[in-house]
Amino acid sequence: MKRLSTVILFLAAFALLTTSCGTSDYLESLTLSSTGTTSGGFYNLAGVDGTLQLQVLANYHSGKTINVTNNSTWNVSPVGCATTADNPTYLCPNEAGAGSPYTIPDYGPNTVPISTTGLMTGIVAMCTWTDAIDNTLTPPAPFNPPVWEYRGYYQVTATYRNFTSQPVGIGVGVTASDNSAGCGPS
């Protein structure tokens, strides 16, 4: 009887060791998304005091995903269509002064803050969109219905456990635009 229990104990220990061997789970990547409407990874923060809920998912080797939004840090860079070293002649369309550069305010607690829960809120009145001009009309005029183009946006990434998500672009329409169609897609 003692020999049989020793064999059973040995087989149980062996089964436990072999079933976990080589199947350790590990973090592979992060996915940043939002509940708002998207166009190829670009979102719109619309309306005065508008909000956009961001979500960060940790993707593991086993295929499981875990929401880590509340444990992530945010990295935000304003991107305008002002001139740059690699494109020194590009100017934003439809600006006052016809073709003047456009820059958006720096990211911070008084512009478009992101809370620890991933909620982004538009505070500063700005419109990072413009309605494209239909040059087939005489005189040229904005498209009707509007065809929205970015003239600037906030590029957002999330970081969790030394992994950084893919970037997403967030346009802001927290004011009236340069035409009667409003500011950006709704």
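The values are calculated or read from the model by the stated rules, or taken from the named source; none is laboratory data. None of these values were measured; they are calculated from a predicted model. Quick reminder, even Gly has a Cβ in these numbers, built from the backbone with ideal geometry, and neighbours come from all protein chains shown.
Numerical summary
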{"item": "Top-ranked residue in region 137-148 [being without any contact (Cβ under 8 Å) to a residue 24 or more places away in the chain and not in a strand (DSSP E or B); ranked as nearest to residue 80 (Cα to Cα)]", "result": "147"}
{"item": "Within region 149-186, considering residues that are part of a loop (DSSP other than H, G, I, E, B) and at pLDDT 80 or above, the one nearest to residue 42 (Cα to Cα)", "result": "167"}
{"item": "Residues of region 114-136 satisfying the condition of being in a strand (DSSP E or B) and under 15 Å from the mean Cα position of the chain (by Cα)", "result": "114, 119, 120, 121"}
{"item": "Test set (1) touching a residue at least 12 places away in the same chain (Cβ under 8 Å); (2) within 30 Å of residue 29 (Cβ to Cβ) - residue 127 fails condition number", "result": "(2)"}
{"item": "Criterion violated by residue 9 - all others in (1) modelled with pLDDT of 95 or more; (2) assigned to a helix (DSSP H, G or I) satisfied", "result": "(1)"}
